[in-house]
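Note sheet for the following structure.
Each reported figure results from applying straightforward, stated rules to the coordinates on display, with no laboratory input. These figures come from a predicted structure and were not determined experimentally. Here the Cβ positions follow ideal geometry from the backbone for every residue, glycine too, while neighbour counts run over all protein chains shown.
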Amino acid sequence: METLSQILSPDFLLRNSIYTSVLVGLACPLVGVFLVVRRLVFMGVALPQISSTGVAIALSLPMWFGFKLAEHSSHSAHTLAFIGSVTFSLSAILLLAFLERRGRGQPEGRLGTAYVVASALSILLLAKNPYGEIGWLDMMKGEVITISNSDLVLTAATLALVVAILGLFHKELLLVSFDRETAIIMRKKVVLWDVVLYVLIGLTVSMAVLSVGPLIAFGFLLIPALTAHLFARTMHQFTIMASLIGGVVALLGFLIAYTWDLPVGPTDVVLLGALYAVAWSVAAIIISRRTTAAG
Amino acid sequence: MNKALITLDNVSIGYNSQPVLSGISLSIADASFTAILGVNGSGKSTLLKTILGLLPPVAGRIDAATSGAPLVFGYVPQSIQFDPIYLLTGFDVALMGVYGRIGPGRMVPAGERDFTRECLRAAGAEEFGGRRFAELSGGQKQRVLIARALATRPEVLVLDEPTAGVDREATKAVLEFVSHINKERKITVLLVTHDFASARHYAGHVIWLHEGTVMCGPTGELLSVERVAEMFERGEV
């Protein structure tokens, strides 16, 4: 309890890291729910990695074109990284969604290839980049230590945007996802709503990758939603439960990582995985008991 | 016969500009019960999707006799096509029927929720409206989907293979109800089926897709006992 009150104190040195982790934990599952119901789980895995490749490429641009970013100014590097992350996330999700809609080729193969190539490319690019030394490689590994105020504000703003758009347009996004044909017959602008959803997912992923790295991003995109789906009865419950699981695990993960001096990202993801395993077992027991009682 | 509500004039239907059936000219009368009949692969789903506006016609034109506003279709798709991963109750699914009247970003008004409950009641789906849609039987899902179609306040009720995945008793109950709606509310019904018996029993008119041709006419003429018997003998149906 003492550690908990210590890390929640406004004077805590790593307060931005914990606030950002919790915000990412709350925000990612909100869009992750749509990745799960649209059966785009593989996209949830590939997208953060592609986004981090965008960061790596953006940070390599000064080196390739022979100009230097202002010394001791991480702001320029952050801006470049943000542009790279958003550009790659949005381009990738729109392209992959378009190819998915066309139904040609093997979607799993495409996403798997995109994931593995993006992972390798990020490491290669950052290994040869001077900015790799100032924390970006740590970020790729999920070390949430150096979170600036601007990153915190960006994360909070993205969460607010995600909540606002999902709240306002939930019925449109749900109808287009659940029954596309009926949405077209009702003259809903299905392509527009797809784009809104994909842009929202892309922005959330970019924000998460930039703040806490791809490892935590894909952990929080998918695992809270998969866990919540085992127990929720309605879509509202599903969304709220997934977001709360993400937020609480982010807080617990940070507490554990701080107490035992572990990297936050891997701790969060392992904790999410353990929670999912326990939840899955409990759900299986409940179903088995219900079946026995009914039979 | 009532005035034509939907008219197809020399229409070709198909995918990616490749026609599956060509030269279709027919009309669907207002307040009629019309069956689109044919075996699997005959093109009946393609014809239905073209009429609904889900597919553009490859050639020709489709006109609706309305007062300017587009025709409102209450669409009842096959219940087996829905992914059970969605955590939606029967009521949630039926409520989607009113979404067409509510603009983006607006909440569903209480009046529309009450109307959805009325539609569930009318379709005999009220008692299982609170249960998860994915856990309902095929017949129960069909009733919820009919309630959703009624919630659109349709001018045309369109049912795509309502017998798929549904037992005989449930199919009969659903078609009896649709027939009742057609007679009582004067809603035009378009039923896509490969079931000759259902088409003969319930539909007043038939659009029969057979070996690349499209035949239309009153059920009694097109599906006379002699004609159907003859086709069964030849193994054509």
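Taking the beta-carbon count within 10 Å as an exposure proxy, list A:Ile50, A:Ile165 from fewest neighbours to most.
Ascending number of Cβ neighbours within 10 Å: A:Ile165, A:Ile50.
Set the Förster radius R0 to 30 Å, insert the Cβ-Cβ distance between A:Asn149 and B:Ala134 as r into 1/(1 + (r/R0)^6), and round the FRET efficiency to 0.05. List each step's numbers first, then the result.
Details: r = 46 Å, r/R0 = 1.52.
Working from the Cβ atoms, E equals 0.10.
Provide B:Ser12, A:Ser17 in ascending order of the number of other Cβ atoms located within 10 Å of each residue's Cβ, fewest first.
Numbers: B:Ser12 17, A:Ser17 24.
With the fewest neighbours first, B:Ser12, A:Ser17 line up as B:Ser12, A:Ser17.
Could you work out how far apart the two model spin labels at A:Phe65 and B:Met231 are, taking each label as a point 7 Å from the Cα in the direction of the beta carbon, and quote it in nm?
Distance between label points: 6.9 nm.
Looking at the protein assembly as shown only, what percent of DSSP beta bridges run antiparallel? Nearest 5 please.
Numbers: 20 of 38 bridges.
Beta bridges within the protein assembly as shown, antiparallel portion: roughly 55 percent.
Points 7 angstrom from Cα along the Cβ direction at A:Leu95 and B:Glu221: gap in nanometres?
My value for the distance between the label points is 5.8 nm.
R0 = 35 Å: FRET efficiency of A:Ile240 with A:Ser281, Cβ-based, nearest 0.05? Show your work: numbers first, answer last.
Details: r = 23 Å, r/R0 = 0.66.
About 0.95, to the nearest 0.05.
Can you sort A:Asp179, A:Asp11 from fewest to most other Cβ atoms within 10 Å of each residue's own Cβ? Kindly include the intermediate steps, with their values, before the conclusion.
On the way: A:Asp179 22, A:Asp11 6.
Exposure proxy ranking, most exposed first: A:Asp11, A:Asp179.
Summing -39500 (n - 2.57) over the DSSP H runs of n ≥ 4 in chain A and dividing by its residue number, what mean residue ellipticity at 222 nm do you reach, to the nearest 500 deg cm²/dmol? Mind dumping the intermediate values first?
Details: 13 runs with 240 residues, N = 295.
Rounded to the nearest 500, it is -27500 deg cm²/dmol.
Exceeding 27 Å between C-alpha atoms, which entries from my cross-link table qualify? They are B:Lys49/B:Lys141; A:Lys189/B:Lys183; B:Lys3/B:Lys183; B:Lys3/B:Lys141. Present the calculation step by step, with values, prior to reporting the outcome.
Details: B:Lys49/B:Lys141 21 Å; A:Lys189/B:Lys183 34 Å; B:Lys3/B:Lys183 16 Å; B:Lys3/B:Lys141 33 Å.
Among B:Lys49/B:Lys141; A:Lys189/B:Lys183; B:Lys3/B:Lys183; B:Lys3/B:Lys141, the Cα-Cα distance tops 27 Å for A:Lys189/B:Lys183; B:Lys3/B:Lys141.
What's the FRET efficiency of B:Glu184 with B:Thr7 using the Cβ-Cβ distance as r and R₀ = 22 Å, to the nearest 0.05?
On the way: r = 26 Å, r/R0 = 1.17.
Here the calculated transfer efficiency is 0.30.
Rounded to the nearest 500 deg cm²/dmol, what is the calculated helix-only ellipticity per residue at 222 nm for chain B, with -39500 (n - 2.57) per DSSP H run of length n ≥ 4?
Values: 8 runs with 80 residues, N = 237.
The helix-only estimate for chain B comes to -10000 deg cm²/dmol at 222 nm.
How far is the Cα center of region A:224-255 from the Cα center of region B:173-204, in Å?
Between the Cα centre of region A:224-255 and that of region B:173-204, the gap is 45 Å.
Give a quick list of trypsin sites (Lys or Arg not before Pro) in region B:20-129 that DSSP marks as loop, anything other than H, G, I, E or B, with at most 14 other Cβ atoms within 10 Å.
On the way: sites: B:Lys44, B:Lys49, B:Arg61, B:Arg101, B:Arg106, B:Arg113, B:Arg117, B:Arg121; in loops: B:Arg106.
When the trypsin sites (Lys or Arg not before Pro) of region B:20-129 are filtered for loop state and at most 14 Cβ neighbours within 10 Å, B:Arg106 remain.
Points 7 angstrom from Cα along the Cβ direction at A:Lys128 and B:Asp63: gap in nanometres?
6.8 nm
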